[in-house]
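Derivation of every value follows stated rules applied to the coordinates shown; laboratory data play no part. Note that the coordinates shown come from a computational prediction; the quantities given were computed from them, not determined experimentally. When we count neighbours, we look across all protein chains shown, and the Cβ atoms used for this are built from the backbone with ideal geometry, even at glycine.
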Amino acid sequence: MSSPLNIAIIVTGPSYGRQDALSAYHYAQAALVAGHTIQRVFFYNDGVLNASFLSAPAADEFDLHAAWRALAIKHQFGLDICASAALRRGIVDAGEAERLSLPHFNLEYPFQLTGLGQLAESLVTADRVVQF
Amino acid sequence: MHGIAFITRQAPHGSAAARETQDAILATSALTEDLSVFFIGDGVFQLLKNQAPKQIGSRNFAATFKLFDLYDIENIYVCQDSLLERGIDGTQLLIDVTCLSQVEMNAKIRMHAKILNL
């Protein structure tokens, strides 16, 4: 096998309605099986919608939110949500909900609100950046 | 090999893609000067002067392109073919850019290690 790579994945598609995020998840699985490490998954644009634990797919359908959560905990990589993109789309954690006096939150660990600095860091430091 | 290429191909309004690409470029410029920006297709509309997007409830982020110089974002390339197809000439653009043919753009983009196309 070629030497393991440190891979950053950028997701710009929502958790349901488009294939982008599903493809990103399958890619992440395959990369891990091949022995690579995931530096982080950075969710931007409509990708931030993957973070909502209030999404409720039908019982016989694939639950991408839950799948991201399980994969990230098992393999210890971050699910980084761009905070500015998230807040505009109604994705908030408990702290932001309190700060902004919003009645609910819908983002919790292992998803976390971060900034575009995380994206920039991946662009500079990851061996590969793969965008979906 | 160059560092990071941002390709932006969406019109400024109608989706958030262009505006969020601009945000990503500015954030990345804080960590590295080794980045280039490529305006292709409808992306060239982002650079037009005299936009009035508030009338459609959209943010006027075009003014922020003037900060690119301040952020040392200097490698800014615009597809000449895309300008011609849309009847735009260089005097209508907000900032100084380098115009390249589609072939030259492609060659330039391939010289970058990482390419983001948000």
Legend entry - Neighbour cut-off at most 16 other Cβ (10 Å), DSSP loop, chymotrypsin sites (Phe, Trp or Tyr not before Pro), region B:42-116: B:Tyr71
Inset, instruction - Write out the GluC sites (Glu not before Pro) in region A:51-119 meeting two conditions: DSSP loop, and at most 15 other Cβ atoms within 10 Å of their Cβ. - result: A:Glu61, A:Glu108
Legend entry - Sequence-distant residues sharing a close amide H with B:Ser36 (under 5 Å, placed H): B:Ile4, B:Ala5, B:Phe6
Legend entry - Shielding by partners - mean other protein chain Cβ count within 10 Å, residues of B:11-22: 2
Inset, instruction - Determine the distance separating the Cα centre of region A:1-68 from the Cα centre of region A:74-92; give it in Å without decimals. - result: 12 Å
Legend entry - region B:101-115 - phi-based ³J(HN,Hα) in whole Hz, Karplus 6.51/-1.76/1.60, Gly and Pro as x: 5, 4, 5, 5, 4, 4, 5, 5, 4, 5, 7, 9, 6, 10, 10
Inset, instruction - Over the whole of A:119-127, what's the average partner chain Cβ count within 10 Å per residue? Rounded to a whole number, please. - result: 5
Legend entry - Per-residue HN-Hα couplings for region A:62-68 [Karplus 6.51, -1.76, 1.60; θ = phi - 60°; Hz; x = Gly/Pro]: 5, 9, 5, 4, 5, 5, 4
Legend entry - Alpha-carbon centroid distance for the pair region B:36-107 / region A:101-121, whole angstrom: 31 Å
Legend entry - Loop trypsin sites (Lys or Arg not before Pro), region B:18-118 (other Cβ atoms within 10 Å of the site Cβ: 16 or fewer; DSSP): B:Lys49, B:Arg59, B:Arg86, B:Arg110
